Amino acid sequence: MITKAALLKCSIEQFTQFGSKHVTLDDLANELGISKKTIYSLFKNKEDLVTSSVESLINEFKEDINRVINSNGKDPILSVILIYQRGFEYLKYFKPSFLFGLEKYYPKANKLYNDFIEELANTIVLDLLKKGKALGDVKKDINVELVVKIYFFRIDNVLFKKDNLFETYSEEALFKHLVIYNLKGIIASHYSNSYFE
(Lines give C-alpha, C1' and ligand atoms only; values in the text may rest on other atoms or scores of the structure.)
Protein backbone atom coordinates (compact mmCIF):
# COMPACT_ATOMS: atom_id res chain seq x y z
CA MET A 1 0.00 0.00 0.00
CA ILE A 2 1.14 3.53 -0.76
CA THR A 3 2.32 5.74 2.09
CA LYS A 4 0.95 9.18 2.83
CA ALA A 5 4.42 10.63 2.18
CA ALA A 6 4.62 9.00 -1.28
CA LEU A 7 1.16 10.31 -2.16
CA LEU A 8 2.12 13.80 -1.00
CA LYS A 9 5.34 13.71 -3.01
CA CYS A 10 3.50 12.76 -6.19
CA SER A 11 0.73 15.29 -5.50
CA ILE A 12 3.22 18.12 -4.99
CA GLU A 13 4.97 17.28 -8.26
CA GLN A 14 1.70 17.13 -10.17
CA PHE A 15 0.07 20.19 -8.56
CA THR A 16 3.10 22.46 -8.98
CA GLN A 17 3.61 21.39 -12.61
CA PHE A 18 0.04 21.31 -13.87
CA GLY A 19 -1.94 23.35 -11.37
CA SER A 20 -3.87 22.07 -8.38
CA LYS A 21 -7.23 22.59 -10.10
CA HIS A 22 -6.24 20.73 -13.28
CA VAL A 23 -4.89 17.59 -11.58
CA THR A 24 -7.74 15.33 -10.51
CA LEU A 25 -7.72 12.60 -7.90
CA ASP A 26 -8.23 10.16 -10.79
CA ASP A 27 -5.04 11.52 -12.39
CA LEU A 28 -3.11 10.97 -9.15
CA ALA A 29 -4.57 7.48 -8.68
CA ASN A 30 -3.59 6.53 -12.24
CA GLU A 31 -0.10 8.03 -11.84
CA LEU A 32 0.48 5.99 -8.68
CA GLY A 33 -1.36 2.83 -9.78
CA ILE A 34 -3.78 3.00 -6.86
CA SER A 35 -7.51 3.47 -6.49
CA LYS A 36 -9.16 6.77 -5.66
CA LYS A 37 -10.51 5.01 -2.57
CA THR A 38 -6.92 4.68 -1.32
CA ILE A 39 -6.47 8.45 -1.61
CA TYR A 40 -9.68 8.96 0.39
CA SER A 41 -8.35 6.63 3.07
CA LEU A 42 -5.45 9.06 3.58
CA PHE A 43 -7.13 12.44 2.91
CA LYS A 44 -10.71 13.63 3.44
CA ASN A 45 -11.01 15.23 0.01
CA LYS A 46 -8.99 17.02 -2.65
CA GLU A 47 -8.84 20.26 -0.67
CA ASP A 48 -7.33 18.34 2.25
CA LEU A 49 -4.74 16.83 -0.11
CA VAL A 50 -3.90 20.21 -1.69
CA THR A 51 -3.61 21.85 1.75
CA SER A 52 -1.40 19.02 3.04
CA SER A 53 0.76 19.30 -0.09
CA VAL A 54 1.26 23.04 0.43
CA GLU A 55 1.99 22.46 4.11
CA SER A 56 4.57 19.81 3.21
CA LEU A 57 6.27 22.17 0.73
CA ILE A 58 6.36 24.96 3.31
CA ASN A 59 7.77 22.67 6.01
CA GLU A 60 10.50 21.49 3.64
CA PHE A 61 11.44 25.08 2.81
CA LYS A 62 11.39 26.05 6.52
CA GLU A 63 13.86 23.23 7.22
CA ASP A 64 16.07 24.64 4.45
CA ILE A 65 15.78 28.13 5.94
CA ASN A 66 16.74 26.90 9.41
CA ARG A 67 19.75 25.05 7.98
CA VAL A 68 20.87 28.19 6.13
CA ILE A 69 20.52 30.42 9.19
CA ASN A 70 22.19 27.91 11.52
CA SER A 71 25.19 27.45 9.24
CA ASN A 72 25.59 31.17 8.40
CA GLY A 73 24.62 32.70 11.73
CA LYS A 74 27.43 35.23 11.73
CA ASP A 75 26.52 36.54 8.26
CA PRO A 76 22.82 37.47 8.09
CA ILE A 77 23.17 39.04 4.62
CA LEU A 78 24.51 35.76 3.24
CA SER A 79 21.60 33.97 4.94
CA VAL A 80 19.11 36.22 3.10
CA ILE A 81 20.84 35.49 -0.20
CA LEU A 82 20.90 31.73 0.36
CA ILE A 83 17.26 31.64 1.54
CA TYR A 84 16.07 33.40 -1.60
CA GLN A 85 18.38 31.32 -3.77
CA ARG A 86 16.71 28.20 -2.39
CA GLY A 87 13.30 29.83 -2.78
CA PHE A 88 14.00 30.47 -6.46
CA GLU A 89 14.85 26.79 -6.87
CA TYR A 90 11.36 25.95 -5.60
CA LEU A 91 9.56 28.65 -7.58
CA LYS A 92 11.17 27.84 -10.94
CA TYR A 93 9.30 24.51 -10.92
CA PHE A 94 5.95 26.10 -10.14
CA LYS A 95 3.60 26.84 -12.96
CA PRO A 96 1.71 30.10 -12.30
CA SER A 97 -1.52 28.08 -12.47
CA PHE A 98 -0.51 26.33 -9.24
CA LEU A 99 -0.52 29.56 -7.21
CA PHE A 100 -3.53 30.98 -9.06
CA GLY A 101 -5.42 27.75 -8.41
CA LEU A 102 -4.72 27.99 -4.70
CA GLU A 103 -6.01 31.53 -4.65
CA LYS A 104 -9.18 30.74 -6.56
CA TYR A 105 -10.19 27.26 -5.41
CA TYR A 106 -8.37 26.26 -2.22
CA PRO A 107 -8.71 28.96 0.48
CA LYS A 108 -7.12 26.91 3.30
CA ALA A 109 -4.05 26.08 1.23
CA ASN A 110 -3.87 29.66 -0.04
CA LYS A 111 -3.98 31.00 3.53
CA LEU A 112 -1.15 28.66 4.55
CA TYR A 113 0.92 29.84 1.60
CA ASN A 114 0.19 33.54 2.16
CA ASP A 115 0.92 33.27 5.90
CA PHE A 116 4.26 31.67 5.11
CA ILE A 117 5.18 34.35 2.54
CA GLU A 118 4.29 37.00 5.13
CA GLU A 119 6.42 35.27 7.78
CA LEU A 120 9.33 34.81 5.37
CA ALA A 121 9.55 38.50 4.46
CA ASN A 122 8.25 40.31 7.51
CA THR A 123 9.78 38.11 10.19
CA ILE A 124 12.66 35.95 8.93
CA VAL A 125 14.23 38.26 6.32
CA LEU A 126 13.45 41.41 8.31
CA ASP A 127 15.13 39.95 11.41
CA LEU A 128 18.18 38.97 9.36
CA LEU A 129 18.47 42.46 7.84
CA LYS A 130 18.10 44.02 11.30
CA LYS A 131 20.96 41.79 12.52
CA GLY A 132 22.97 42.82 9.46
CA LYS A 133 22.34 46.46 10.31
CA ALA A 134 23.31 45.92 13.96
CA LEU A 135 26.56 44.33 12.76
CA GLY A 136 27.20 47.33 10.51
CA ASP A 137 26.82 45.30 7.30
CA VAL A 138 23.77 47.36 6.23
CA LYS A 139 24.13 51.11 5.78
CA LYS A 140 23.01 53.08 8.84
CA ASP A 141 20.47 55.22 6.98
CA ILE A 142 18.62 52.24 5.49
CA ASN A 143 15.10 51.53 6.70
CA VAL A 144 15.16 47.73 6.56
CA GLU A 145 11.38 47.45 7.09
CA LEU A 146 10.82 49.54 3.96
CA VAL A 147 13.42 47.54 2.01
CA VAL A 148 11.57 44.33 2.88
CA LYS A 149 8.19 45.79 1.88
CA ILE A 150 9.48 47.12 -1.45
CA TYR A 151 11.89 44.38 -2.54
CA PHE A 152 11.38 41.16 -0.60
CA PHE A 153 7.66 40.82 0.07
CA ARG A 154 5.81 38.76 -2.56
CA ILE A 155 8.65 38.16 -5.00
CA ASP A 156 6.44 35.33 -6.25
CA ASN A 157 3.94 37.94 -7.51
CA VAL A 158 6.68 39.68 -9.47
CA LEU A 159 7.85 36.42 -11.01
CA PHE A 160 4.37 35.24 -11.99
CA LYS A 161 2.26 38.44 -12.27
CA LYS A 162 1.34 38.34 -15.97
CA ASP A 163 3.84 35.90 -17.39
CA ASN A 164 6.09 33.32 -15.87
CA LEU A 165 9.38 35.26 -15.89
CA PHE A 166 11.24 31.94 -15.57
CA GLU A 167 10.15 31.25 -19.16
CA THR A 168 11.69 34.52 -20.40
CA TYR A 169 14.79 34.98 -18.23
CA SER A 170 17.29 32.65 -16.64
CA GLU A 171 16.99 31.83 -12.97
CA GLU A 172 20.40 33.48 -12.47
CA ALA A 173 19.32 36.76 -14.12
CA LEU A 174 16.09 36.89 -12.12
CA PHE A 175 17.92 36.13 -8.88
CA LYS A 176 20.52 38.83 -9.50
CA HIS A 177 17.96 41.48 -10.39
CA LEU A 178 15.44 40.70 -7.66
CA VAL A 179 17.77 39.83 -4.78
CA ILE A 180 21.47 40.57 -5.29
CA TYR A 181 21.20 44.03 -6.87
CA ASN A 182 18.66 45.15 -4.28
CA LEU A 183 20.87 43.95 -1.42
CA LYS A 184 23.92 45.53 -3.06
CA GLY A 185 22.26 48.92 -2.72
CA ILE A 186 21.84 48.63 1.06
CA ILE A 187 25.05 46.95 2.21
CA ALA A 188 27.86 48.89 3.83
CA SER A 189 31.00 49.49 1.77
CA HIS A 190 33.14 47.22 3.98
CA TYR A 191 30.84 44.20 3.55
CA SER A 192 32.39 41.60 1.28
CA ASN A 193 30.76 38.56 -0.27
CA SER A 194 31.43 36.71 -3.51
CA TYR A 195 27.82 37.30 -4.63
CA PHE A 196 28.56 41.02 -4.94
CA GLU A 197 31.73 40.75 -7.03
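The values are calculated or read from the model by the stated rules, or taken from the named source; none is laboratory data. Because the structure is a prediction, the values reported are computed rather than measured. Glycine also receives a Cβ, built like all others from the backbone with ideal geometry; neighbour counts cover every protein chain displayed. Remember, those area values only see protein heavy atoms, side chains included, never the ligands or the DNA or RNA. Shrake-Rupley method; radii C 1.70, N 1.55, O 1.52, S 1.80 Å.
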task = Please report the relative contact order for segment 74-183, taking Cα pairs under 8 Å with a sequence separation of at least 6, and give it as a percent rounded to a whole number.
result = 36 percent
note = On the accessible surface of segment 41-87, probed at 1.4 Å with all protein chains in place, carbon and sulfur together account for a percent value of 45 percent
query = Angle, helix 107-119 long axis vs. longest principal axis of the chain, Cα atoms, 0 to 90°, nearest 10?
reply = 20 degrees
Net dipole in debye of the chain [+1 Lys, Arg Cβ; -1 Asp, Glu Cβ; about Cα centre; nearest 20] = 320 debye
ask   = So if we plug the beta-carbon distance of Glu119 and Ser189 into 1/(1 + (r/R0)^6) with R0 = 30 Å, what FRET efficiency do we get, rounded to 0.05?
value = 0.45
message = For mean projected area of the Cα convex hull in nm², one of [x] 15.4; [y] 11.8; [z] 12.8 was computed from the structure I shared and the rest are decoys. Which label?
response = [y]
key: Rounded accessible area of Asp27 (nearest 10 Å², 1.4 Å probe)   = 70 Å²
query = In nm, to one decimal, how far is the modelled label at Glu31 from the one at Ala134, with both set 7 Å along Cα→Cβ?
reply = 4.4 nm
ask   = Whole-Hz Karplus ³J(HN,Hα) for segment 2-19, in order, using 6.51 cos²θ - 1.76 cosθ + 1.60 and θ = phi - 60°, x for Gly and Pro?
value = 6, 8, 4, 4, 5, 5, 4, 4, 5, 4, 4, 4, 5, 5, 6, 8, 10, x
note = Taking Arg86, Arg67 and ranking on accessible area (1.4 Å, protein atoms only), highest first, one gets Arg67, Arg86
query = Under a straight-distance cross-link criterion of Cα-Cα below 14 Å, which aspartates and glutamates are reachable from Lys92, leaving out those fewer than 8 residues away in the same chain?
reply = Glu13, Asp156, Asp163, Glu167, Glu171, Glu172
message = What is the angle, in °, between the Cα long axis of helix 76-91 and the longest principal axis of the Cα atoms in the chain? Nearest 10 is fine, range 0 to 90.
response = 30 degrees
Accessible area of Glu31 in the full protein assembly, 1.4 Å probe (Å², nearest 10) = 110 Å²
ask   = Per residue, how much accessible area does the chain show when a 1.4 Å probe rolls over the protein heavy atoms, in square angstrom?
value = 55 Å²
query = When we measure straight from the Cα of Lys140, which aspartates and glutamates land under 18 angstrom away, once same-chain ones fewer than 8 places off are left out?
reply = Asp75, Asp127
Cα centroid of segment 4-31 to Cα centroid of segment 154-197, whole Å = 31 Å
ask   = When the helices in the chain are scored as -39500 (n - 2.57) per DSSP H run of 4 or longer and the sum is shared across all residues, what 222 nm value do you end up with, to the nearest 500 deg cm²/dmol?
value = -18500 deg cm²/dmol
note = Simple spin-label estimate for Asp156/Ser170, 7 Å along Cα→Cβ, in nm, reads 2.6 nm
ask   = Can you list the HN-Hα couplings for segment 171-187, worked out from phi with the Karplus curve (6.51, -1.76, 1.60; θ = phi - 60°), rounded to whole Hz and with x for Gly and Pro?
value = 4, 4, 5, 4, 4, 4, 6, 8, 10, 4, 5, 6, 5, 4, x, 10, 7
inquiry  = Given an 8 Å cut-off on Cα distances and at least 6 residues of separation, report the relative contact order of the chain as a percent.
reply    = 22 percent
